[in-house]
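Shown next, in structure tokens, is the structure this report addresses.
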Amino acid sequence: MNHNLTFSAQAQTMLKSASSWAKFLAVLGFINVFFVFTIAVGLMSFGTFLPYLGLLLQNPNLPTDQMNQAGFDISSLSTGAYSYLPLVMGIIYILIGIIYLFPITHLFRFGSNASAAIRTGNEISLEKSMSHLKSHYKFLGMFIIITFVVYIILAVVGVIGGMFFGSQMM
């Protein structure tokens, strides 16, 4: 390795621009995570009441006893096979938000350290920024590989399930 590596003025300008875009994209990512967490809390808090709310919005003057007579049992909102679906979906959204925090945190730290390195000429800040950029790409690479493996498993399970259930129908 060449330890006497220097950056030209053009390379420094491009690194400064890349760091600004990295910070911008990271901030958008943090905002996205906030929305994901907000949706998760909403699902877990209000998800079981959405069918009831929909029926009320269609007919706001409909009393509760008439809703029950119409076949809509309010007590079924808290029981049954689908009563835990909003909670499960909320937990999945929280997990997605947590997973998404790792790459955007590294992206933000890359941008901040690269900006500091260009501004101050500090080599340690430049090394930190490159370390965070490496971690960002390493996480994305592993995540994409895991996603491909999950897709392949789901495709195989889908084909086998389709063959099994298809043979049951004949």
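The values are calculated or read from the model by the stated rules, or taken from the named source; none is laboratory data. For clarity, every value in this text was computed on a predicted model and none was experimentally measured. So basically every Cβ, Gly included, is an ideal-geometry build from the backbone, and we count neighbours across all protein chains shown. These accessible areas exclude ligands, DNA and RNA; they are computed on the full protein's heavy atoms, side chains included. Shrake-Rupley method; radii C 1.70, N 1.55, O 1.52, S 1.80 Å.
Data for the structure
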| quantity | calculated |
| --- | --- |
| R0 of 22 Å, Cβ-Cβ distance PHE143-SER45: FRET efficiency to nearest 0.05 | 0.15 |
| Most to least packed among 112-121, 22-31 [average Cβ atoms within 10 Å] | 112-121, 22-31 |
| Additional length obtainable on full extension of the chain from VAL150 to TYR100, 0.36 nm per residue less Cα span | 16.2 nm |
| Label-to-label distance, nm, for residues given as LEU28 and LYS134 (7 Å Cα→Cβ offset) | 2.8 |
| Per-residue SASA entry for ILE91, accessible area with 1.4 Å probe, Å² rounded to 10 | 80 |
